[in-house]
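*Asks:* Quick one: structure below, then a few questions.
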Amino acid sequence: MNIARRTEELFSAHQRNINGRTDRLFMGLMLFQWLGSIAAAFWISPKTWSGPMSQTHIHVWAAVFLGGAITLLPVLLALKRPGQTPTRHVIAAGQALMSALLIHLMGGRIETHFHVFGSLAFLAFYRDWRVLITASVIVAADHLLRGFYWPQSVYGVLSVSNWRWAEHAAWVVYEDVFLVRSCLQSIQEMRDIAWHRARLEDTNRTIQEEIGRRTAELSSSEKRFRVLVENAADAFFLADAEGRFIDMNRRACELLGYTREELLGMTVMDISPGFSRAILEQLAVTLSFQGQALREGKHRRKDGTTFPTEVSLGLADHDGRQCFIALVRDISERRKMEARMQQSEKLSAVGQLAAGVAHEINNPLGVILGFSQGMSRQVKAGDALRCKTLVQNLLTFARTSQSDRGVISLNETIQQAMALVETQVKLTSVSLQVGLAKGLPMVLGNKNQLQQVVLNLAKNAIDAMPNGGTLSIATELLESKPHSWICLKVADTGTGIPSALLQKIFEPFFTTKPVGQGTGLGLSLISEIVQKHSGTLDVTSRPGATVFTVKLPVRTGREMEECLRALETQKPAMASVVPYHKV
Amino acid sequence: MIRIDLWTAVSLWLSIVCLGMAGLQRYETKPGTAAAAPVRWAADSRIAPPAGRMILLMALHPRCPCSRASIGELDGLMARARGRVSAFVLFYAPAGAAQGWEKTGLWRSAAAIPGVTPLRDDDAVESRRWGALTSGQTLLYDAQGRLLFSGGITSSRGHSGRNQGTEAVHALIMGEKTSPRGTPVYGCALTAARPKVDGGI
């Protein structure tokens, strides 16, 4: 709206308010004056006498009826038409007439003329100078007429100058000058106030519109965000520092089988077996340094069943409080796929190993066949036993992997795998060097999976030396604070891995081998297995020297017991954040 | 229902008020019954005749509100006369009225004026002797007992202030010649019966 127009509206409203208020003031004042004049008449001249007889004095009747007549119309208009221009002019006239009546009833006492000046001051409350003019004209006319015909009633004396009315009127004008000036100033101030308020309203409206627009944008953004979150395939959780859920998406409810209301009354500990308040606090510290973390674990549904999950964690500020944001992904299917891939990779290895095995078996069998033809009893028992062991190891390796972990000897695991590695080595011109450190601590792990690590790394090393070379397999104990590690190194003197490819070799399906010779899953599976053992996998490579280093943590006896106990009860994945592998 | 235009109502209102004011004015300026005062000192009066001093007589109804102005004017006159005149104020009391009936505020005001003697006038006997029928009637006799002035010393009912009566009396006391020797009297009737008597000198 136009500010000037709004200013005029506000000014008019303010003026109407003042006029209405002043009308009510005068309504009360005039009624009070009327009653006051009646009381004064009763007090001063209650009766007129005729000898011993008396009757009500005419002043009393004048106060009642004439005063009433003067008061009637202004009061009626103040009631029926408050705030209107004619009303305040009639009130001004009535007030001036009341002054005339009072002056008359008081015998023209000069003191009563103060009523005129007081009335003008009250009329100035209207802040309308025209009202003062109306009252002043009535006063002047009263003085002029009564001063001419009955001067004693207005001046208290009989003989006065014909211009006495002008003297009285001049004093009224004198007061009017100041009152009119005051009225004009007030009007200007009212206009200024109205203008400022109109400006303020305009600014406020602009701000409101801006807020409305931004609120709509925010609402739209919030809706889009809500749609994204609610329709996400993963579960989102927002939890406070104590682990109490603050919010979650629909997928979270579906995943866990709880209603949203139920989850809002629960904590992280209620749905995460093995999770504790201490772990939560440790997690907060870790996140405050790292910013985010990825962990795997298990979650429990409402029906008590558990399922493997991958949890991406972060910290966020919500309403001034630090909160956890968790993106939980059900990895049951992935786990099954990984198991199948491991088995597939293993069978692929078996296929390749079969050639070596056939070659190994072929020679003893040829000997056995030759000698058997001569019915000779000189069979080489050692070769037959070696064949048996070889076939046994192959069967063991090909067996479907079990995820059960236990306390195992890494050296023993390596030695069992070496029987298979040796068959490969014999088919090439690669020489094998094995250096296993004695007295290594036991490790917590899956024997079958660790054998797969050794076999795959050895096989890759052999493949990297098509023209022959040396394959070295060694173990050692790396003692350091706070953790000690058992280290497995598989080194070759092959062609090496270009530095540009080092970043990619752990990615699934990445391979440099010809089609049909490699699946590209070997190193990614090794990496996965090592991570699950809380270990690290490093590689350094240059032409003629490539070393893969697997480090597995050394557990203390107590840690070992706790882990085993946990594995027995629930198997909650790892008890600490899984670090990413380093390349 | 009759709907009256605002300006008609205002005109009607102003007319009523003006008529009321005029009626009131007419009442205020309507003089009471004039006195037929004896031109010589009434020998049968209980007030002693002048003995070398002028005497001012005033008849008042003690309960007439209009007569306050008369007492006020008398006070002014006595102050200005500076002892040249003795004054007696006859306060009406109805026949058989208890003692003290007449002792109102007017009595006390009169008594407080130096040179003024208030007297109770039972049944207006003394007032009638002096021909006074309206409260505020003032008579001035010279030292020889001759009537100098008879009339009121206010310009209308209850209105004090300079007026012809006061000025005439003052002039006569001061020995000056003055034209009006009689003025209208404004006040309550001293007696219930108002015989129609022409007053004034």
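*Asks:* Any idea how many residues of the range B:68-97 are within 12 Å of chain A (Cβ to nearest Cβ), open to solvent by 30 Å² or more (accessible area, probe 1.4 Å) and small (Gly, Ala, Ser)?
*Replies:* The qualifying residues number 3.
*Asks:* Another question, if that's okay. Could you give me the residue pairs with C-beta distances under 7 Å whose first residue belongs to the range A:334-354 and is at pLDDT below 80, whose second residue is exposed (fewer than 13 other Cβ atoms within 10 Å of the Cβ) and not in a helix (DSSP H, G or I) wherever it lies, and which are 6+ apart or on separate chains?
*Replies:* Close Cβ pairs satisfying both conditions: A:343/A:400.
*Asks:* Continuing with this model, one more query. May I ask you to list the residues in the range B:24-41 that are open to solvent by less than 40 Å² (accessible area, probe 1.4 Å) and at the interface with chain A (Cβ under 9 Å from one of its Cβ atoms)?
*Replies:* B:24, B:25, B:28, B:29
*Asks:* Does the range A:221-231 contain at least one residue that is part of a helix (DSSP H, G or I), small (Gly, Ala, Ser) and within 17 Å of the chain's Cα centre (by Cα)?
*Replies:* So far as the range A:221-231 goes, yes, one or more of its residues are part of a helix (DSSP H, G or I), small (Gly, Ala, Ser) and within 17 Å of the chain's Cα centre (by Cα).
*Asks:* Now a separate question. Would you point out which residue out of A:89, A:113, A:104 is in contact with a helix residue (DSSP H, G or I) (Cβ under 7 Å, 6 or more places away or on another chain), facing chain B (nearest Cβ under 10 Å), touching a residue at least 40 places away in the same chain (Cβ under 8 Å) and under 30 Å from residue B:67 (Cβ atoms)?
*Replies:* None of the others qualify; the one that does is A:104.
*Asks:* Also, quick follow-up: Check off (1) within 11 Å of chain B (Cβ to nearest Cβ); (2) open to solvent by 10 Å² or more (accessible area, probe 1.4 Å); (3) assigned to a helix (DSSP H, G or I) for residue A:71 and give me the number that stays unchecked.
*Replies:* Only one criterion in (1) within 11 Å of chain B (Cβ to nearest Cβ); (2) open to solvent by 10 Å² or more (accessible area, probe 1.4 Å); (3) assigned to a helix (DSSP H, G or I) is unmet by residue A:71, namely (2).
*Asks:* I've got another one for you. Mind counting the residues in the range A:48-62 that are more than 7 Å from every other protein chain (Cβ to nearest Cβ), of a type in the set (A, V, I, L, M, F, W, C) and open to solvent by 50 Å² or more (accessible area, probe 1.4 Å)?
*Replies:* Qualifying residue count for the region: 1.
*Asks:* Separate question: Mind telling me which of the residues A:255, A:283, A:264, A:287 ends up being over 22 Å from residue A:534 (Cα atoms), out of contact with any helix residue (DSSP H, G or I) (no Cβ under 6 Å at 6 or more places or on another chain) and open to solvent by less than 20 Å² (accessible area, probe 1.4 Å)?
*Replies:* One residue alone meets the criteria, A:255.
*Asks:* Let me ask another. Where residues in the range A:237-252 are part of a helix (DSSP H, G or I) and touching a strand residue (DSSP E or B) at 6+ places or on another chain (Cβ under 8 Å), which of them is most open to solvent (accessible area, probe 1.4 Å)?
*Replies:* My answer is A:251.
*Asks:* Of the residues that sit in the range A:12-47 and are touching a helix residue (DSSP H, G or I) at 6+ places or on another chain (Cβ under 7 Å) and outside any helix (DSSP H, G or I), which one is farthest from the other protein chains (Cβ to nearest Cβ)?
*Replies:* Checking each candidate, the answer is A:46.
*Asks:* In the range B:42-62, how many are surrounded by 21 or more Cβ atoms within 10 Å (Cβ to Cβ) and either among the basic types (Lys, Arg) or assigned to a loop (DSSP other than H, G, I, E, B) (or both)?
*Replies:* Qualifying residue count for the region: 2.
*Asks:* While we're here: All but one of (1) over 29 Å from residue A:281 (Cα atoms); (2) modelled with pLDDT of 70 or more; (3) surrounded by 17 or more Cβ atoms within 10 Å (Cβ to Cβ) hold for residue A:296, so report the exception by its number.
*Replies:* (1)
*Asks:* Here's another thing I want to ask about it. Can you list residue pairs whose Cβ atoms sit under 7 Å apart, with the first residue in the range B:18-37 being assigned to a helix (DSSP H, G or I) and the second being among the charged types (D, E, K, R) and buried (at least 18 other Cβ atoms within 10 Å of the Cβ)? Count only pairs 6 or more apart in sequence or on different chains.
*Replies:* Short answer, once both residue conditions are applied: B:28/B:157.
The values are calculated or read from the model by the stated rules, or taken from the named source; none is laboratory data. What you are looking at is a predicted structure, and each value in this text was computed from that prediction instead of being measured. Ideal geometry is used to build each Cβ from the backbone, glycine not excepted, and the neighbour counts take in all protein chains shown. What goes into the accessible areas is simple: the full protein's heavy atoms, side chains included, and nothing from ligands, DNA or RNA. Shrake-Rupley method; radii C 1.70, N 1.55, O 1.52, S 1.80 Å.
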